[in-house]
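Have a look at the structure that comes next, please.
Values quoted throughout were computed directly from the atomic coordinates according to the rules given, and no laboratory measurement underlies them. Just so it is clear, the structure is predicted and the values come from calculations on it, not from any experiment. Note that each Cβ is placed from the backbone with ideal geometry, even for glycine, and that neighbours are counted across all protein chains shown.
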Amino acid sequence: MARYRTEQPFAGPPEVAFGYLADFEHVAEWDPGVSEATRLDAGPVAVGSRFRVAVKTGPLVYEVVELDPGRRIRLVAETATLRSDDVITVLPAPDGATVTYDADLTLRGWARLGAPLLGLLFDRIGDKAAAGLRARLDSLAAASGG
């Protein structure tokens, strides 16, 4: 298993950050490892909402498995070779909010043989995504008047 966690400040209203990040279609706007993300259903994001996310290794379908509106969302994607468990938390802070993105990636089946290298690769991918997230949150905060 590999884990990547990043904590980012957001200089705008917490509900703006949460609304943006909970709509997981936006992941393609800040994660350079994602070429496209599409919502597979309609209506407000809720437990059971699904998102198709295109990455280099193939498509992943993330499903919202937990939701604390305005505060926390957990999305899980599973294939024959991996399981991705991502938790996004947005907490109020004195100057806006603190956004935490916590991702656990577990290789399954024959892919488990690559587990020793997964941590190094996941750190590199995570660092690029964290930089994109930081830039997107700054832009979002500026647009929201933060």
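Which peptide among 36-44, 92-100 comes first, and what is the full order, when sorted by highest mean count of other Cβ atoms within 10 Å?
The packing order, highest mean first, is 92-100, 36-44.
What does the charge add up to near residue 8, with Lys and Arg as +1, Asp and Glu as -1, over the other residues with Cβ less than 10 Å from its Cβ? All intermediate terms of the calculation are to be shown ahead of the outcome.
Values: positive: 134, 136; negative: 7, 138.
Counting the neighbours of residue 8, the net charge comes to 0.
Let me ask you something else. What does the charge dipole of region 2-143 about its Cα centre add up to, to the nearest 20 debye, if the Cβ of each Lys and Arg holds +1 and the Cβ of each Asp and Glu holds -1?
Charge dipole of region 2-143: 440 debye, to the nearest 20.
Could you compute the net charge surrounding residue 66? Neighbours are other residues with a C-beta less than 10 Å from the C-beta of residue 66; K and R count +1, D and E count -1.
It works out to a net charge of +1.
Continuing with this model, one more query. Against the 2.2 N^0.38 Å scaling, with N counting residues, where does region 2-143 land? I'd like the Cα-based Rg ratio to two decimal places.
Normalised Cα radius of gyration, region 2-143: 1.02.
Taking the simple approach of a point 7 Å from Cα along Cα-to-Cβ for both residue 50 and residue 5, what is their distance in nm?
3.1
May I ask you to derive the FRET efficiency for residue 102 and residue 42 from their Cβ-Cβ distance with R0 = 35 Å, giving the value to the nearest 0.05?
Here the calculated transfer efficiency is 0.80.
Between beta-carbons, use under 11 Å as the cut-off and find the net charge around residue 40, counting Lys and Arg +1, Asp and Glu -1. Walk me through the numbers before you get to the answer.
Numbers: positive: 39, 50, 52; negative: 25, 41, 63.
My count for the surroundings of residue 40 gives 0.
Let me ask you something else. Restricting to Cα pairs below 8 Å that are 6+ residues apart, what does the relative contact order work out to for region 2-143? Please round to a whole percent. Can you show the working numbers first?
Details: 284 pairs, mean separation 43.3, N = 142.
Relative CO of region 2-143 lands at 31 percent.
Per-residue ellipticity at 222 nm for the chain, helices alone: DSSP H runs ≥ 4 residues times -39500 (n - 2.57), over residue total, nearest 500 deg cm²/dmol?
The per-residue figure over the chain is -9500 deg cm²/dmol.
Against the longest alpha carbon principal axis of the chain, how many degrees, from 0 to 90 and to the nearest 10, is the axis of helix 115-143 turned?
20
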